[in-house]
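Okay, so here's the structure we're looking at.
The values are calculated or read from the model by the stated rules, or taken from the named source; none is laboratory data. Source: prediction; values computed, not measured. As a convention, Cβ positions derive from the backbone with ideal geometry for all residues, glycine included, and neighbour counts pool all protein chains shown. When the accessible area is computed, the model is the full protein with side chains, heavy atoms only, and any ligands, DNA or RNA have been set aside. Shrake-Rupley method; radii C 1.70, N 1.55, O 1.52, S 1.80 Å.
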Amino acid sequence: MHNGERSELVRCMIDVGSQASYISEELAVKLGCPLQAPKTTYKVKTCIGVQEKNYRAATSDIIFTPTASAHHCFLVDPEMSLEYEIPGVTSLVQFLRAQGVRLADSFFSHSTNDVIGGFECLLGADIIGAIKPMRSVDLGTGTAFEVQDGLILFGSLEHLFSIESLGIRETDESVSARERRLVEEFSNEVELRDGKYFVRVPFYDSVTKVPGNHDIALATMKKVRNKLAKRDLADSYTAVFEQQLRDGIIEEVDYNKPSTNQRVFIPHHPVVKTDAQTTTKIRPVFNCSLKIGDRPSLNEACFRGVDLLNDLVTLLMKFRTNKHILLADIEKAFLQIYLKYEEDKDKFCFLWETDDGLKMYRFRTILFGLNLPNVADMLTRGLSAKEFHKKLAVWCHGPDWLGDHPEQWPKSPLHCLSEEGKVMVELQQHHQQVEINTEAQTPATQIILSIKDFSSLRRLHGVTARVFHFVNVLKHREADAKEQATHYWLKVMQENAFTEEISYLQDKQENKRVWMMADPPHLIKRLRNNLLDRGVRTKNGAVLDRELMREMIAIDGNAEYRLLHKLHLQTHVEANKLKVSGLARQKVRPAMQLLSASSALALSRYMDKEEEARLLRIVDDGFDVLNSGHPGDTKPLRRGYSAGPEQEAALSALAEEAATLRIGAARHLYPFQKGILVTVQSVRGLLADIRERCGADTYILTRHLSQDRLESFFGMVRGCGGSNLNPTPTEAKSRLRLLTILILTQHGVSPLRKDARAPIAPAGADAALTDEALAVQVSELYEECDDEDRDQLPEEIEVLVPEPAVEVDIIEDDEDIAEMEALLEEASCCRAHPSSTSGAVDKETGVTASDSAMAHVAGYVARKQGPSLGAPSAFAEDLPVQALWTRLRSVGGLTIPTQEFPIKFRQMDAEFCTQHAMHPDGLSRQPGVIRDTIKMLRDKHPDLSGDVVRTFGRVRTFIRLRNVNGERRMESLAKREKRKKTGFTK
């Protein structure tokens, strides 16, 4: 401990149960701490009660290790007396030192009895955290704290350093006496002759019951021979045995000469590998596990051996304490161990037919793959487990002199090194003396494997993943080793291929302008995913989660006309069904539709959720700025980012909300929140930089800053291969060439299918309309469109219909197309009876959601006749109360119907429902259903123009058609889920 110019070496006791730290009054005097300060009364709580005590406080520096210290306030205890007698502690300390265990308490070196005392400081829980590094480790059957200077004894001292605590047992209780006898006999039979080991196979007595298997081995050999001959591999397989014969691994035996020993023939078959990276194309595999009836196999008759090191993981953990590990292996160890007796060789016979006839061979060495004890391990270990334990301290921590200064290390010539090794040591020592300038060097990824040592990328990646897996196990870290290996080699390749770019990014210059941006579509997608998975909480405490989104989508009740016609429960919310999981989570459009201004308006007016609606409006406005694509867009926020007041306000609100938003119970920012903050800052900085060069009138189309163009290009490349979505580099190059030719020759891939019409489903069918039947119904709608309109129809319609035969002028401009898309998407979510109207009620007008949705569709139909039925929202004066939703949603282009037309529209809707009421699901399956509907409406409403009647007929029919199929799909889904739960029964 240190106070000013005074320092004292103090013996401390660690008490994790104490909430304060104490020093003795004698130590305070030695350190020169002032003791004139008044005492403070403290309540000391123990397990036996509460007691009030008066203490003075003294502040001092305490140094635990060379790298760990603290400035702390201690309570001065004038009555401190810590002395304990622990029988056997002196002998234990001496035993630990003899084993090379370092103790952090240097006072033990002066201890002569079992009394532990001289403590002048008690370290409580308020200061223990300053002892870094310190961790709890196992020491024998007890526990110890490991610090930089050694171990601090802790816990029970009984059997503290027993050999069993290391996972190494002198005898294994699971090993029988017979097995111990086999091990002992095996060790006694080991013989070294001419540099080669000769052993006896430790068979059980049941080896005499192992069948000879001659007929089976002969039949298997002939079958294998015929198959290899058909593949022209028989000669290659024969060459393997000839090479083993030359190497002395096997030997030929006279097939007709009888043997006094029991012969066991082993069936074998080849393993063939044809890839270019494999050096051994064909090799034999022997089946020693062949078993006939109740008679044992050769593997079962052989003793498997005992576990020489019971807990190898514990030993591996000890090696973490050192920087370097020396490993060694013996090349072809099994092939260097020979069978000692003829009777053992006769147990490993096999047959093979060459051009010279049938031949019999037997093994002279240990057959690799036989269920034998690790003979090479038992013969070449060098020291037993017991001897290894005696030297454990040296193996784990090294000799004691490693803790001294390098100049004090013992010096002696390394006679064990070769001449080349001595030269390497001298060069290394010389290299350490040379001063190296590292200021200009950039840190590079450490190369753990050499690429040149691997014949394929797959093998390199696999070995790297195993290395990371091993490291993760040692560090108790849960991580995907394969993903770590992929990131590692990507980083290595980037450092090699983009040296200049990386150096530029790492060079910290004030005038350098590099703006990093996240992909806005992916940011809103991540926001949607976290909202549904964990829920989000605003700074004002409002919570948006899956349940709220489910309630919002359900505001229309069971009505067919829906306000949020783009949203569907299965597509946008339910992750445990068919959507919003897997690839569906990667789709951006459903996320933008769910977090849109329409959703915000529904939350505000129909659910009275103002704070939740505020968040969605901020998200919608902010991402409109970050997704601007045209300078003349109808929405001002999407007209190219030019740092206007409205755009700046939207970005500031988005950044503030991202910084204060909390996901679930987390208190930190998620990556997508940080991405929003970085992107907002970068877009502003990028615009400022561009304006310095190009002038103040410059704007940025932020949509082009995303990676959608690149993803679309990759999608085109992947789509060229049909079902093969993962092309190889060669295939990708070929597809890229094909796309280039198609573009240059102005040819494209048409999405239309030229399929003939499919048969129409029967009128009374209960099953859902098939895709073919749907194509028939949609084709009638398609026939109502002219060529120009067909080119603008949504892609989902074009895929289902054949070539048209009738041309009718229906769709007039791009805005009609946009509304038509919305209306078509609306139908996919309707599952209610067509004529029903229900749902939530507007808190101000009292109009139901279904009535507002019907007025919205009526405005679209009224647009076909002009001002007599409706007017654009920017000029509409006579506003029906049902059309307030359309006015609030519109930016000036949507049509507001007159007061009278919604009544007329409801009348036509009732007539449509009456026409189809007698058919299943409220929809006629007869051909020409759309033409019949239009003819019926023209007869009953001659005052309406043909365009209005045609538009109503086709839109209303398509909504009903999609509604019916939606119901059937939901029923099919429910049946499928029920089958998964209950299973199939006969």
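Points to keep in mind about this one:
- Residue in region 862-876 that is buried (at least 22 other Cβ atoms within 10 Å of the Cβ), part of a helix (DSSP H, G or I) and either in contact with a strand residue (DSSP E or B) (Cβ under 9 Å, 6 or more places away or on another chain) or outside the structural domain of Ala600 (by the TED database) (or both) present: yes
- Criterion violated by Val29 - all others in (1) open to solvent by less than 70 Å² (accessible area, probe 1.4 Å); (2) aliphatic (A, V, I, L, M); (3) in the same structural domain as Thr143 (by the TED database) satisfied: (1)
- Candidate set: region 181-213, residues that are touching a residue at least 60 places away in the same chain (Cβ under 8 Å) and part of a helix (DSSP H, G or I); chosen: the one nearest to Phe241 (Cα to Cα): Val207
- Leu669 in contact (Cβ under 8 Å) with a residue 12 or more places away in the chain and open to solvent by less than 70 Å² (accessible area, probe 1.4 Å): no
- Verdict on Glu711 being of a type in the set (Asp, Glu), surrounded by fewer than 19 Cβ atoms within 10 Å (Cβ to Cβ) and either in contact with a Gly (Cβ under 9 Å, 6 or more places away or on another chain) or within 15 Å of Asp621 (Cβ to Cβ) (or both): no
- Residues satisfying the stated conditions in region 617-652, i.e. free of Cβ contacts under 8 Å to residues at least 60 places away in the same chain and of a type in the set (Ser, Thr, Tyr): Ser642, Ser652
- Counting only residues that are in a loop (DSSP other than H, G, I, E, B) and of a type outside the set (Asp, Glu), region 216-268 holds 16 of them.
- Ala98 vs. criteria among the hydrophobic types (A, V, I, L, M, F, W, C) and in contact with a strand residue (DSSP E or B) (Cβ under 8 Å, 6 or more places away or on another chain): no
- Comparison of Asp947, Asp932, Asp909 shows that the only residue that is in a helix (DSSP H, G or I) and within 52 Å of the chain's Cα centre (by Cα) is Asp909.
- Look at (1) open to solvent by 30 Å² or more (accessible area, probe 1.4 Å); (2) in contact (Cβ under 8 Å) with a residue 12 or more places away in the chain; (3) under 30 Å from the mean Cα position of the chain (by Cα) and you find that Asn558 fails only one, number (3).
- Within region 269-293, considering residues that are among the β-branched types (Val, Ile, Thr) and part of a loop (DSSP other than H, G, I, E, B), the one surrounded by the most Cβ atoms within 10 Å (Cβ to Cβ): Thr278
- Of the set (1) of a type in the set (S, T, N, Q); (2) open to solvent by 20 Å² or more (accessible area, probe 1.4 Å); (3) part of a loop (DSSP other than H, G, I, E, B), all apply to Ser598 but (3).
- Among the residues making up region 644-666, those that are of a type in the set (A, V, I, L, M), open to solvent by 10 Å² or more (accessible area, probe 1.4 Å) and under 22 Å from the mean Cα position of the chain (by Cα) are Ala665, Ala666.
- Inspection of region 881-904 identifies no residue that is crowded, with 19+ Cβ neighbours inside 10 Å, farther than 21 Å from His856 by Cα and either of a type outside the set (D, E, K, R) or not assigned by the TED database to the domain that holds Thr848 (or both).
- For region 79-105, residues that are surrounded by 12 or more Cβ atoms within 10 Å (Cβ to Cβ), of a type in the set (A, V, I, L, M, F, W, C) and in a helix (DSSP H, G or I) total 5.
- The one condition in (1) at pLDDT 75 or above; (2) of a type in the set (Ser, Thr, Tyr); (3) touching a Leu at 6+ places or on another chain (Cβ under 9 Å) that Tyr561 fails to fulfil: (3)
- Hits in region 689-726 - residues which are touching a residue at least 12 places away in the same chain (Cβ under 8 Å) and hydrophobic (A, V, I, L, M, F, W, C): Ile700, Leu701, Leu705, Met716, Val717, Cys720
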